[in-house]
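Read through the structure below, which is laid out as structure tokens, and then see the notes.
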Protein chains: 2
Amino acid sequence: MRISELSRASGVPIPTIKFYLRERLLPAGRRVATNQAEYDQDHVRRLRLIRALAEVGGLPLATVRRVLGAVDDPSLPMHEALGIARRALAPEPAEQHDPAVAEARAEVDRFLEDLAWEVSPDAPGRDELAVALATLRRVGWPDADTRLFTHYARTADRLAAREVQRTTPAGATRAETMERVVIGTVVFDGVILALRRLAQEHHSAARLGEPKGRSRTARARPNPPSATVPISGNTGGPH
Amino acid sequence: MRISELSRASGVPIPTIKFYLRERLLPAGRRVATNQAEYDQDHVRRLRLIRALAEVGGLPLATVRRVLGAVDDPSLPMHEALGIARRALAPEPAEQHDPAVAEARAEVDRFLEDLAWEVSPDAPGRDELAVALATLRRVGWPDADTRLFTHYARTADRLAAREVQRTTPAGATRAETMERVVIGTVVFDGVILALRRLAQEHHSAARLGEPKGRSRTARARPNPPSATVPISGNTGGPH
């Protein structure tokens, strides 16, 4: 196909395709005339993957190049190529050198070991959980330890089992699998958080809202007496 | 208590407390001498809430003030005060005027109506879901409609039911409830996403990884023949 057809098939504008060609992210087409090249389905697939990484994942070009290199490296198992992408997509963790985070990190490592999850020692999620735990402690969240994560871990485990099965179908190429995993990770991050907040609003309405909640007078008291159950006396948090 | 004790009890440094006093986010203490004021548990609680909103939630001061105003307004049901905080904590949605997003938004509204979730018409989660759906369509995700969200909605529903119950214990003050909800929402956003990625890595290892996966040769093929199942032929996505 010509570059115009490639653009239509991939949804990527021609100037962007030319840019990717110049940057060697997209392999050159087969030259059929001085001024014309022929492209095929591999180019369509590669463009979709680049778009997933750069546009949906928001990755900088250098990182896109690194992930593409991993996809193309026949000696690298797909699982490891996906690991490189997942690492690139993770948020930059802060407070790395805080001793409270370092302490929390050791607890997170034990927690993941107890779950028997097979995750690499430098998976960014470990630090993210450590920062979360340290934050909960800093703000005095009751019973702030990794047990708060247990219920969420169970939920994430069920979700991920299903997702991995669906985003890595047998027979898909490495590029296709990578594309699905990247888009699936990034877009469904947002979906999960949006649905969680909507569901919280719904359950909050049911528990505290006008029609079914407690009486308006009770709810509307701005500052109930101090002698209510102190916050540190509650045995929970959303775990 | 003196301001130094208030600082210890709340974990907020004295200069920050003085700043909040000047900004009238924190009510003045009871003056006991020309140069000395006395603070109580209400001040501790208010400081914890300010910290939750400003530090953990990352909200700008004007928004912190608005949420505090809602907490203090006796005529405003707690459910609505929480709604104001949830809205402030939501990410800024992009692509608002994209017709593809507008179309997706109508589908999201129908989806939430079918779920019978009680959520306000301007809840930011609606737009976030619409942007996600439009993105999936733009990149050619197979069968991109709201049915992709069904499984996630069920998961979010179970999670939120539990969270709302635990973050709004009976007897807690409005300030305490608000603090728990804000911290719970923000910190556990990160916990959920981190655990999901770790669990994906774990399941990905089990499915594609070295010891239990398919043979290395099969996995390592960089570009299996094009005649494999085309990506649009898969009936799924992680729904």
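The values are calculated or read from the model by the stated rules, or taken from the named source; none is laboratory data. Small disclaimer: the values here were computed from a predicted structure and weren't measured. For neighbour counting, all protein chains shown are included, and Cβ atoms are generated from backbone atoms with ideal geometry for every residue, glycine included. Surface accessibility is based on the protein's heavy atoms, side chains included, excluding ligands, DNA and RNA. Shrake-Rupley method; radii C 1.70, N 1.55, O 1.52, S 1.80 Å.
For the reader, a short list of remarks on this structure follows.
- Of the residues making up the stretch A:141-197, those that are assigned to a loop (DSSP other than H, G, I, E, B) and either of a type in the set (Val, Ile, Thr) or more than 7 Å from chain B (Cβ to nearest Cβ) (or both) are A:PRO142, A:ASP143, A:ALA144, A:ASP145, A:THR146, A:THR168, A:ALA170, A:THR173.
- Matching residues in the stretch B:187-201 - criterion: being of a type in the set (Asp, Glu) and touching a Ser or Thr at 6+ places or on another chain (Cβ under 9 Å): B:GLU201
- Condition check for A:LEU89 on (1) modelled with pLDDT of 90 or more; (2) surrounded by fewer than 22 Cβ atoms within 10 Å (Cβ to Cβ): one failure, at (1).
- Within the stretch A:49-102, the residues that satisfy the criterion of being within 14 Å of chain B (Cβ to nearest Cβ), within 19 Å of the chain's Cα centre (by Cα), of a type in the set (A, V, I, L, M, F, W, C) and outside any helix (DSSP H, G or I) are A:ALA90, A:ALA94.
- Qualifying residue in the stretch B:119-142 (condition: among the small types (Gly, Ala, Ser), on the phi > 0 side of the Ramachandran plot and in contact (Cβ under 8 Å) with a residue 60 or more places away in the chain): yes
- Of all the listed residues (B:ASP40, B:ASP73), the sole one being modelled with pLDDT of 90 or more and not hydrophobic (A, V, I, L, M, F, W, C) is B:ASP40.
- Qualifying residue in the stretch B:108-124 (condition: open to solvent by 40 Å² or more (accessible area, probe 1.4 Å), out of contact with any strand residue (DSSP E or B) (no Cβ under 9 Å at 6 or more places or on another chain), modelled with pLDDT under 85 and not hydroxyl-bearing (Ser, Thr, Tyr)): no
- Each residue in the stretch A:35-80 was checked for being without any contact (Cβ under 8 Å) to a residue 24 or more places away in the chain, open to solvent by less than 30 Å² (accessible area, probe 1.4 Å) and farther than 22 Å from B:ARG137 by Cβ, and 2 of them qualify.
- Of the criteria (1) under 26 Å from B:ALA132 (Cβ atoms); (2) over 24 Å from the mean Cα position of the chain (by Cα); (3) part of a loop (DSSP other than H, G, I, E, B), which one A:ARG24 fails: (1)
- Total residues in the stretch B:121-131, condition at the interface with another protein chain (Cβ under 7 Å from one of its Cβ atoms) and in a loop (DSSP other than H, G, I, E, B): 1
- The residues in the stretch B:154-178 that are touching a residue at least 40 places away in the same chain (Cβ under 8 Å) and small (Gly, Ala, Ser) can be counted, and the count is 1.
- Meets criteria (buried (at least 24 other Cβ atoms within 10 Å of the Cβ), aliphatic (A, V, I, L, M) and without any contact (Cβ under 8 Å) to a residue 24 or more places away in the chain) for A:ALA194: yes
- Boolean, B:GLY83 is open to solvent by 20 Å² or more (accessible area, probe 1.4 Å) and under 30 Å from B:GLY190 (Cβ atoms): no
- So A:ALA28, is it open to solvent by less than 40 Å² (accessible area, probe 1.4 Å), touching a strand residue (DSSP E or B) at 6+ places or on another chain (Cβ under 7 Å) and either farther than 15 Å from A:ARG86 by Cα or of a type in the set (D, E, K, R) (or both): no
- Single match in B:GLU176, B:GLU210, B:GLU163 (criterion: over 30 Å from A:THR173 (Cβ atoms) and either among the β-branched types (Val, Ile, Thr) or modelled with pLDDT under 90 (or both)): B:GLU176
- Residues in the stretch A:177-197 include none that are over 24 Å from B:ALA54 (Cα atoms), more than 18 Å from the chain's Cα centre (by Cα) and not aliphatic (A, V, I, L, M).
- Subset tally (residues that are small (Gly, Ala, Ser) and open to solvent by 10 Å² or more (accessible area, probe 1.4 Å)) for the stretch A:137-167: 3
- Filtered residues of the stretch A:179-191 (kept if open to solvent by less than 10 Å² (accessible area, probe 1.4 Å) and without any contact (Cβ under 8 Å) to a residue 12 or more places away in the chain): A:VAL191
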